[in-house]
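Here is the structure we will look at.
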Amino acid sequence: MSAKKILIIEDNPANLKLASDILTAEGYEVLKATEGMAGLEILKQRHDQISLVLLDLKLPDMDGIEIIKKIKAGPDTRKIPVIVVSAHAMESDIKSSKEAGCADYITKPINIKGFLDRVSSVV
């Protein structure tokens with residue numbers, strides 16, 4: 001059986017590396033994008049292989065809520081779960097993300113065990 005693939009859409013290099021290293025060490029295959037449009041393009045091309053999207057809300061080219069809505073509106077991507085991983089812990093950010101269709105919301109800095117538990121509960 002091949003490793004489950006997780007797409008991380010994150011513009012901060014340190015956060016991207018940390019999440020990628022944690023997931024790779026657990027046996028997941030990680031795909032990476034540093035902008036929303038690049039992440040959506042990966043999803044378009046590989047939607048049938050991706051088990052989960054980890055998404056930062058604040059990206060240079062588009063808002064994370066907009067990305068969630070695009071993922072959930074696509075016939076080929078709507079069933080792929082999205083977990084927001086963000087430093088924004090305001091109740092309004094969490095509520096907006098959930099209303100847009102995200103499966104979970106993890107605040108930064110991440111707790112490694114909690115992060116892995118939440119990822120494994122979705123994939």
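Within segment 92-112, which residues are of a type in the set (Lys, Arg), within 20 Å of Asn12 (Cα to Cα) and free of Cβ contacts under 8 Å to residues at least 60 places away in the same chain? None - no residue of segment 92-112 is of a type in the set (Lys, Arg), within 20 Å of Asn12 (Cα to Cα) and free of Cβ contacts under 8 Å to residues at least 60 places away in the same chain, so the list stays empty. Of all residues in segment 11-35, those that are buried (at least 17 other Cβ atoms within 10 Å of the Cβ), small (Gly, Ala, Ser) and either farther than 21 Å from Ile110 by Cα or out of contact with any helix residue (DSSP H, G or I) (no Cβ under 6 Å at 6 or more places or on another chain) (or both) total 2.
Looking only at segment 1-17, count how many residues are closer than 17 Å to Ser120 by Cβ and not in a strand (DSSP E or B). Reasoning before the result, please.
Going through segment 1-17, the residues closer than 17 Å to Ser120 by Cβ turn out to be 1-8.
Pick out the ones that are also not in a strand (DSSP E or B) and you get 1-4.
So the answer is 4.
Report yes if Leu23 is free of Cβ contacts under 8 Å to residues at least 40 places away in the same chain, assigned to a helix (DSSP H, G or I) and touching a strand residue (DSSP E or B) at 6+ places or on another chain (Cβ under 9 Å), otherwise no. Walk me through how you get there before you give the answer.
Details: free of Cβ contacts under 8 Å to residues at least 40 places away in the same chain: no; assigned to a helix (DSSP H, G or I): yes; touching a strand residue (DSSP E or B) at 6+ places or on another chain (Cβ under 9 Å): yes.
The answer is no for Leu23.
Figure legend. Inter-residue proximity from segment 33-50: first residues assigned to a helix (DSSP H, G or I), second residues among the polar types (S, T, N, Q) and at pLDDT 95 or above, beta-carbon distance below 6 Å, spacing 6+ or different chains. Indicated pairs: Leu43/Thr77.
Look at (1) surrounded by 17 or more Cβ atoms within 10 Å (Cβ to Cβ); (2) farther than 18 Å from Val85 by Cα and you find that Ile8 fails only one, number (2). Any residue in segment 58-68 that is in contact (Cβ under 8 Å) with a residue 40 or more places away in the chain, buried (at least 19 other Cβ atoms within 10 Å of the Cβ) and not in a helix (DSSP H, G or I)? Yes; the residues of segment 58-68 include at least one that is in contact (Cβ under 8 Å) with a residue 40 or more places away in the chain, buried (at least 19 other Cβ atoms within 10 Å of the Cβ) and not in a helix (DSSP H, G or I).
The values are calculated or read from the model by the stated rules, or taken from the named source; none is laboratory data. Remember, it's a predicted structure, so these values are computed and weren't measured experimentally. With ideal geometry, Cβ positions are generated from the backbone for all residues, glycine too; neighbour counts draw on all protein chains shown.
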